[in-house]
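Rule-based calculations on the coordinates, nothing more; no lab input. Bear in mind the structure is a predicted one, so any value in this text is a computation, not a measurement. A quick note on method: Cβ atoms are made from the backbone with ideal geometry, for glycine too, and the neighbour counts reach across all protein chains shown.
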């Protein structure tokens, strides 16, 4: 990361910056890493609403202040829920996957409909492929993994890996097909780009493939959806690098990162 070259660890400037970022410690209690998916679902609804009136509506910042404002309100509500009521059980979903499925399904549909801001019956129909990819992303987090030490992980239940990877792959392919039928290039293309990650996770037994499918799914859908809601890309960029700066100056690590190291045990099966 370029900031590490300007402010290497151990220097006075690094320590000064670390003290500054200490003020963000409380924000981490609200699990900001989990804000990306809700943003994407809301922006997907906004983008679809724009596309209904203009099939070739892309990269237009008009109305960005409304999109950003509503996203901030949504973030505040979700962040409060994450900290106080655990309404989004991503940390506990391995113990209660049914509850997680229910929460993410309802929340995803609700956020899309807020962005859609139109007839909810129509929104439920046209938003179907987005709901499918959301669940396809969610089930990848149900694959149990343990950390071996350092950056290495291993999968503890390969039967679940196969089942959930297959579900994720099938849902992404169905979403892609529905997108083609709807003449919706954003979801059809993004689902097509994501599908190989789920397929590799299904075939290959290594944890790094599951981690890639988890991490890249949200960013793939987010990047494509931002073609119709470009303000989302700006928010994701700022949020992503803000988290990286925080973790670097507070913990000496560069997280989140799009780089998944191939350090898992190559003999695991």
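Before moving on, here are some points about what is shown:
- Peptides 76-84, 11-19 ordered by average Cβ neighbours within 10 Å, highest first: 76-84, 11-19
- Take every pair of alpha-carbon atoms less than 8 Å apart whose residues are at least six positions apart; their mean separation over the length of the chain yields a relative contact order of 23 percent.
- Ordering of 200-209, 63-72 by packing [mean C-beta count within 10 Å, highest first]: 200-209, 63-72
- A viscosity of 1.306 mPa s and a temperature of 10 °C, combined with the Kirkwood radius over Cα pairs in Stokes-Einstein, give a translational diffusion coefficient for the chain of 81 µm²/s.
- Only helical runs count toward this figure. For the chain, summing -39,500 (n - 2.57) over DSSP H runs of n ≥ 4 and dividing by all residues gives -22000 deg cm²/dmol at 222 nm.
- Per-peptide average of other Cβ atoms within 10 Å, ordering 186-193, 245-252 highest first: 186-193, 245-252
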